[in-house]
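To start, the structure under review is shown below, and the notes come after it.
The values are calculated or read from the model by the stated rules, or taken from the named source; none is laboratory data. What you see is a predicted model, and the numbers here were worked out from it, not measured in a lab. Note that we place each Cβ from the backbone using ideal geometry, even for glycine, and neighbour counts take in every protein chain shown.
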Amino acid sequence: MNKDKRKKRKNKKQGAKQGKSTVGRRLRKRTIAALVAVLAFVGGMIAATLSGSLEHLVPVDPVVDKAAGSADAIKVASVDFDKYWPTAFEDSAKAQSYVRKLNSGAAPSLTATPEGGVPVTSDNSAIVHLRGNREQTIRITNIRIEPIEKLPPVKKTLVCPSVDKGGGGDNEILDFDLDSTDSVGYSVDASFKRTSIPYFEKRTVTLAKNETVGFLMRFHTSAHHVRFSMTVDYQYGTDAHGSVKVDDHGKPFEFTPLQRKSAERLWIPAPTYPLVTEVDPATNNTVVSNC
């Protein structure tokens, strides 16, 4: 009898211990699950914070630009000319061919050297559009000419088409003296006259990715038939810099001085726009805006 009572008490104690053990295990599992959830939440917050911080500590743009390698940081988007630029010819037959095209309305499109002629320097300048090709902002530090050769002026025959002169529009205006040893472009004043201040001494021009800026380049020469290219210097980031060449669609820019009285043959705008008519260069004093 006593033996059975002792056995029941023992079994009761073991059952109580097992119940406590089961409850403990359940509590530990719930505690561990809660801790895992908390740690996951905290880990996510830390990861997000570190990601934001690293983005500021290690900017992405310089990395992308470095991966661009040797690709030009600035692209020459376009080089345009007024198709009715005054033009000088050594070959009168070519001049006459150009005149026939002008008077028929079939003049060549935007080209600086129609029918083999050489453009005469005037205010009808070349317009160069440059486009940014980097993630970081690019600063243009200079635009300079690179003389290739200076030759005697072309002056035998001169054709001065009708033209509607305009201002610089939204373009940046640089003025170049091709007879000078100074290769940089200068600023112009409100009346578009050249100043004594180099353009990039007082001005800053920047380009964002795919942003385009236009430069109206005014060239002057009174003594030479000149061939040359241009160089655009730039920098971006902390130490990246370079240059890009600009020319007349793969060939040098080419200009000759305006020497109207020295011409043997001369065509100027006729009373009937936009035709041109031949006059005697020695005696004709008709005022022509671009000639």
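One line per residue, one yes/no per condition, for (1) in contact with a Leu (Cβ under 7 Å, 6 or more places away or on another chain); (2) closer than 30 Å to residue 135 by Cα; (3) of a type outside the set (Lys, Arg):
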site	(1), (2), (3)
200	no, yes, yes
206	no, yes, yes
231	no, yes, yes
246	no, yes, yes
249	no, yes, yes
266	yes, no, yes
269	no, no, yes
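Restrict the check to the stretch 163-180 and report whether at least one residue is in the same structural domain as residue 103 (by TED's automatic domain parsing), at positive phi and without any contact (Cβ under 8 Å) to a residue 60 or more places away in the chain. Yes, that holds for at least one residue. Taking the stretch 202-253 and the strands (runs of 3 or more DSSP E) fully enclosed by it, the elements with 3 or more residues that are loosely packed, with under 15 Cβ neighbours inside 10 Å and not hydrophobic (A, V, I, L, M, F, W, C) are at 240-246. Filtering the stretch 85-112 to residues that are more than 18 Å from residue 265 (Cα to Cα) and at pLDDT below 80 leaves 105, 106, 107, 108, 109, 110, 111, 112.
Do we have residue 192 as surrounded by 18 or more Cβ atoms within 10 Å (Cβ to Cβ) and in the same structural domain as residue 140 (by TED's automatic domain parsing) here?
Working: surrounded by 18 or more Cβ atoms within 10 Å (Cβ to Cβ): no; in the same structural domain as residue 140 (by TED's automatic domain parsing): yes.
Answer is no for this residue.
Please specify each residue of the stretch 128-163 satisfying the condition of being crowded, with 18+ Cβ neighbours inside 10 Å and of a type in the set (Ser, Thr, Tyr). The one that is crowded, with 18+ Cβ neighbours inside 10 Å and of a type in the set (Ser, Thr, Tyr): 157.
Of the residues that make up the stretch 252-265, is at least one among the hydroxyl-bearing types (Ser, Thr, Tyr), within 20 Å of residue 118 (Cβ to Cβ) and within 39 Å of the chain's Cα centre (by Cα)?
Going through the stretch 252-265, the residues among the hydroxyl-bearing types (Ser, Thr, Tyr) turn out to be 256, 262.
Filter once more, so that each one left must be within 20 Å of residue 118 (Cβ to Cβ): 256, 262.
With within 39 Å of the chain's Cα centre (by Cα) added as a condition, the list becomes 256.
Looking through the stretch 252-265, at least one residue is among the hydroxyl-bearing types (Ser, Thr, Tyr), within 20 Å of residue 118 (Cβ to Cβ) and within 39 Å of the chain's Cα centre (by Cα).
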